[in-house]
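Report on one structure; see the data block that follows.
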Amino acid sequence: MSLMAAGVVLAAVSLDHVVGEPPARLHPVAWFGRLVGPLDRSWDAPRLVGAVGAFCLPLLAAVVVALGVGLAGDIEPLAGGVVATIVLFSAMSLRLLCTTAIDVLEQTETDIAGARASLLALAGRDASDLSAGHIRSAAVESAAENLSDGFVAPLAGFGIAGVVASRWLTPVATLAVATAAAAWIKAVNTMDSMVGYRSKPVGWAAARLDDLVMWVPARLTALTLSAAARSPDPLVMGRRWAQTPASPNAGWPMATLAAALDVRLEKSGHYTLNSVASLPTLTEGHHGVTLVGRAGWLAALTTAVVVGV
C-alpha cells in the first residue's frame, strides 16, 4: 500500500501502548454500542430484525469511517492518516487486555473474591465458585481469545482490505477502505459480544456473521502465538484441541496458548484443553500474558510490513 498505511498501524499500536483505552464518552466503540442497544429487546420477528441489524449497523460504521478518512485525506493526506490512526487505535485493545489479565492473576494469590469479580471484565462466565486455578485458566483463555477478536482481527481486516484495494484505488481511497474494513470487523465483533447469545434470538445473525469473520483472524492469532513462543510446536499441538470448544474459532488461540504453556485450560462443563496438564500457576499465567503481548506486537509489525511494502 504505502508508508502512510504502515505508519498508521505503528502509530495506532503505539497509542494503545502509551494511552490505553480512550474514555467511554469519547470511544467510537461505545458510540456504536449505543446503536446496537435498542436491538436487544423482544421482537415479533427477532431473527429478521437481528439479520437486518447485523447487516446494516456494521456497514453504517464502515461507511462513516471510509467517508471520514477519505474526505480528510483529500484535503491533506496526513490528515487522512491521522483520522485512520484514531479509528484503528479505537478498534484495538492490547494494553487493557494484558493489564486486566495480570490484575486477575495477581488477585488469585491475595484476594480470591476480588479475582472472581475482576474476571467479569475478561470472561462472561459465572465465577462465583471458581477456584484460583480455574480463575487463572479463565484469564489466560480470555487473553488468548480477546487477542484474536480485539486486536488481530481489526489488523487483519486493515491489511487484507488495504492490499486488495491498492490494486485499483488511489492511496487515499485505499487507506479509507482499509480503515473501514477494520471498523466493520470491530463492529461485527461488538454486536456479537452484546447480543450474540443463545438466549437472544435477535443475536443469531450477529453470532453467525462473527463466526465467519473471525475464522481467519483466529488462525492467524494461533500462528502469531506460536511465533511468539519461538516454536512451531504450540500450533501443531494446539490443532488437536482447537475444535473442542463449541466456537469454531475461539479454540485456536486458546489451544495454542495451552500448548505453549503446557497447562490445562478448562471451562467446567464445556471444554478442557490439554487435559493431561495442570491448571496454570501464577507464574505460568504471567508467561501466558507475556506471550499474548508479544504476539500482538508481532501481528502489528507484520501488518505494517505487509501494507508498507
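Here, each number is a calculation from the coordinates, and none is a lab measurement. Predicted model only: the values in this text are computed from it and were never measured. FYI the Cβ positions are ideal-geometry reconstructions off the backbone, even for glycines, and counts take in every protein chain you see.
A few points about this structure:
- For P(r) over Cα pairs in 20 Å bins from 0, in percent, calculated from these coordinates, the label among [x] 34, 57, 9; [y] 28, 56, 16, 0; [z] 36, 59, 5: [x]
- Build a GNM of the chain with springs between Cα atoms under 10 Å apart, and of ARG136, ARG41, ARG95 the one that fluctuates most is ARG41.
- Zone residues, the range 281-309, relative to GLU21, backbone N less than 18 Å from point 7 Å out along Cα-to-Cβ: 293
- Packing-based ranking, highest mean first, of 147-157, 76-86, 14-24 given that Cβ atoms within 10 Å are counted: 147-157, 76-86, 14-24
- Rounded to the nearest 500, the helix-only mean residue ellipticity at 222 nm of the chain stands at -23000 deg cm²/dmol, with each DSSP H run of n ≥ 4 adding -39,500 (n - 2.57).
- FRET E, pair ILE112, TYR197, Förster distance 22 Å, beta-carbon r, rounded to 0.05: 0.20
- On Cα atoms only, tilt of 77-91 relative to the major axis of the chain in degrees: 20
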